[in-house]
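The values are calculated or read from the model by the stated rules, or taken from the named source; none is laboratory data. All values derive from a computational prediction rather than experimental measurement. Reconstructed Cβ throughout: ideal geometry from the backbone, glycine too, with neighbour counts over all protein chains shown.
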Amino acid sequence: MPSLREMGHADLDTVTRIEQSAHAHPWTRGNFSDALGSGYLCKVYEQGGVTLGYVVLMLAVDEAQLLNLTIAAEHWRKGLGRALLSESLNMAHGLKLRRMLLEVRPSNTAALGLYRGAGFREIGLRRRYYPADNTEREDAIVMERLL
Ligand SMILES: CC(C)(COP(=O)(O)OP(=O)(O)OC[C@H]1O[C@@H](n2cnc3c(N)ncnc32)[C@H](O)[C@@H]1OP(=O)(O)O)[C@@H](O)C(=O)NCCC(=O)NCCS
């Protein structure tokens, strides 16, 4: 069974490599380093020493913002994203948080399916929130899951 552990600076090469292969608009190594430095909850999801994915949560008073949840591309569609999200929700629940929030691109059908299936509902839209490949920017769907 894969499990979660604290992400550290020693993970940044692996995490950045996975990020680049999984996202059209990847976080940089500096973004992950800043997340660690800012005290965000950063966890690596691994099995037998192999990094399968990771999650980054920003905690506020009574809620968590899911900033990044990624599974390495070679492990997609095996139920690992669902399992990692479920572990993240359990972790937030254990911290007595009231809800989890996230933003997702409307074009990210995989993530939308994952989040809807885990009980997230759409509560808003941030127009032209994300940079995109063309000159237009892409909206962000805001989703919420009560814990
Ligand atoms: C989104 C992501 C984490 C899903 O991980 P995964 O391990 O492949 O997902 P799972 O196998 O657990 O699938 C769970 C659900 O996600 C949805 N899903 C996953 N991949 C999908 C795809 N290619 N197309 C449509 N739906 C998909 C489905 O609803 C699926 O449920 P189902 O198998 O019952 O149909 C993975 O695609 C990823 O890392 N993508 C790049 C990073 C990203 O976009 N992260 C989210 C925003 S930060």
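In contact with a helix residue (DSSP H, G or I) (Cβ under 6 Å, 6 or more places away or on another chain), of a type outside the set (A, V, I, L, M, F, W, C) and modelled with pLDDT of 95 or more, is that true of Gly81?
Answer is yes for this residue.
Taking the range 61-78, which residues are over 17 Å from Gln20 (Cα atoms) and either crowded, with 19+ Cβ neighbours inside 10 Å or at pLDDT below 95 (or both)?
Val61, Ala64, Leu66
Just the residues that are over 18 Å from His75 (Cβ atoms) and touching a residue at least 24 places away in the same chain (Cβ under 8 Å), please, taken from the range 30-55.
Listed by number, the residues that qualify are Phe32, Ser33, Ala35, Leu36, Tyr40, Leu41, Cys42.
Restricting to the range 26-47, and then to whatever is over 13 Å from Ile71 (Cα atoms) and among the hydrophobic types (A, V, I, L, M, F, W, C), can you tell me which residue is surrounded by the fewest Cβ atoms within 10 Å (Cβ to Cβ)?
Checking each candidate, the answer is Leu36.
Take the range 96-106 and flag every residue that is among the basic types (Lys, Arg) and surrounded by 17 or more Cβ atoms within 10 Å (Cβ to Cβ).
Arg105
From His93, His23, which residue is within 25 Å of Arg127 (Cβ to Cβ) and either of a type in the set (Asp, Glu) or surrounded by fewer than 17 Cβ atoms within 10 Å (Cβ to Cβ) (or both)?
His23
Can you tell me which residue is nearest to Asn68 (Cα to Cα) among those in the range 111-139 that are aliphatic (A, V, I, L, M) and either touching a Leu at 6+ places or on another chain (Cβ under 6 Å) or not in a strand (DSSP E or B) (or both)?
Ala111
Restricting to the range 113-131, name every residue that is farther than 20 Å from Ala92 by Cα and touching a residue at least 12 places away in the same chain (Cβ under 8 Å).
Once the filter is applied, which keeps residues that are farther than 20 Å from Ala92 by Cα and touching a residue at least 12 places away in the same chain (Cβ under 8 Å), the range 113-131 yields Gly124, Leu125, Arg126, Arg127, Tyr129, Tyr130, Pro131.
Could you please tell me which pairs satisfy a Cβ distance under 8 Å, a separation of 6+ or placement on different chains, a first residue in the range 5-29 that is of a type in the set (D, E, K, R), and a second residue that is part of a loop (DSSP other than H, G, I, E, B)?
Glu19/Pro26; Glu19/Trp27
Grab the helices (runs of 4 or more DSSP H) fully contained in the range 1-110, keeping just those with 2 or more residues being within 12 Å of the ligand (Cβ to nearest atom) and more than 24 Å from Pro131 (Cβ to Cβ).
80-94
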